[in-house]
Amino acid sequence: MYMRVLHLTIDPLKSRAFEAFYDKNIVPALQKVHGCLSITLVRSAQHNDEFLSVTLWDEQENAEAFNQSKLFQQLLTESRVYFSDSSEWKIKLSEDYTLDLETVEKEPIVNSYPIVAQSDLGTLPVKKSQSMFMRIVSAKILPDKMDEIRQLYKNDVIPALKNTKGCRYAYLSESMKEDHEIFSVTMWDSRQDAENYEKSG
């Protein structure tokens with residue numbers, strides 16, 4: 001499997017409207033795309049203007065094909081009305097030494113990660129209205145310990161999570177941009193369940 005993450009900065013005053021747009025337009029469109037297994041909209045618990053669109057794919061090729069598709073560009077264009085205004089500026093000095101300010105548009109960032117271990121705890125929600133909590137833990141791993149961490153996740157972490165209240169799904173993915181960086185992604189029935197797990201020892 002393959003995970004694709006689109007990072008979005010949404011105007012806080014338009015966040016509810018964006019969630020409705022995502023539910024009504026983006027989810028149904030992606031459910032028809034070949035190879036897309038799941039689509040989830042995640043709002044940051046720390047920053048109310050940050051959202052992630054997380055999709056799971058059967059193969060990397062299908063995720064990359066969608067990334068290059070007219071449908072993706074169309075959905076991105078339709079989503080732009082919800083984006084936060086840019087806070088970055090580019091300063092240019094003209095030939096007559098006057099300053100010209102131009103806003104720099106913030107483009108959504110797409111990151112992709114192959115999944116190297118996953119649970120059979122169930123499936124991710126297909127619609128954002130199915131309220132759940134996503135927990136993402138990232139770590140840098142020593143180069144000679146990558147195989148060991150994969151086996152540890154498969155043999156120890158996933159079985160432990162199967163017996164943890166509220167945990168629906170878990171998978172381990174690896175960064176394609178940073179060497180030896182991993183992400184453990186878990187889906188929970190509620191934030192409280194995830195926090196109870198963190199405090200459990």
State the number of residues belonging to region 182-201 that are of a type in the set (Gly, Ala, Ser) and under 20 Å from Ile149 (Cα atoms). 2
Filter region 130-148 down to residues that are surrounded by 13 or more Cβ atoms within 10 Å (Cβ to Cβ) and farther than 22 Å from Lys165 by Cα, then give me how many there are. 2
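Hey, could you check region 171-195 for residues that are open to solvent by 80 Å² or more (accessible area, probe 1.4 Å) and assigned to a helix (DSSP H, G or I) and say which is nearest to Phe133 (Cα to Cα)?
Among those that are open to solvent by 80 Å² or more (accessible area, probe 1.4 Å) and assigned to a helix (DSSP H, G or I), it is Arg191.
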Please tell me if Glu198 is surrounded by fewer than 18 Cβ atoms within 10 Å (Cβ to Cβ) and in a loop (DSSP other than H, G, I, E, B). no
Please indicate, with yes or no, whether at least one residue in region 6-13 is under 26 Å from Tyr171 (Cα atoms), of a type in the set (A, V, I, L, M), modelled with pLDDT under 90 and in contact with a Leu (Cβ under 6 Å, 6 or more places away or on another chain). no
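The values are calculated or read from the model by the stated rules, or taken from the named source; none is laboratory data. Everything quoted here is computed from the prediction, not taken from an experiment. Quick reminder, even Gly has a Cβ in these numbers, built from the backbone with ideal geometry, and neighbours come from all protein chains shown. Just the protein is used for accessible areas: all its heavy atoms, side chains included, with ligands, DNA and RNA removed. Shrake-Rupley method; radii C 1.70, N 1.55, O 1.52, S 1.80 Å.
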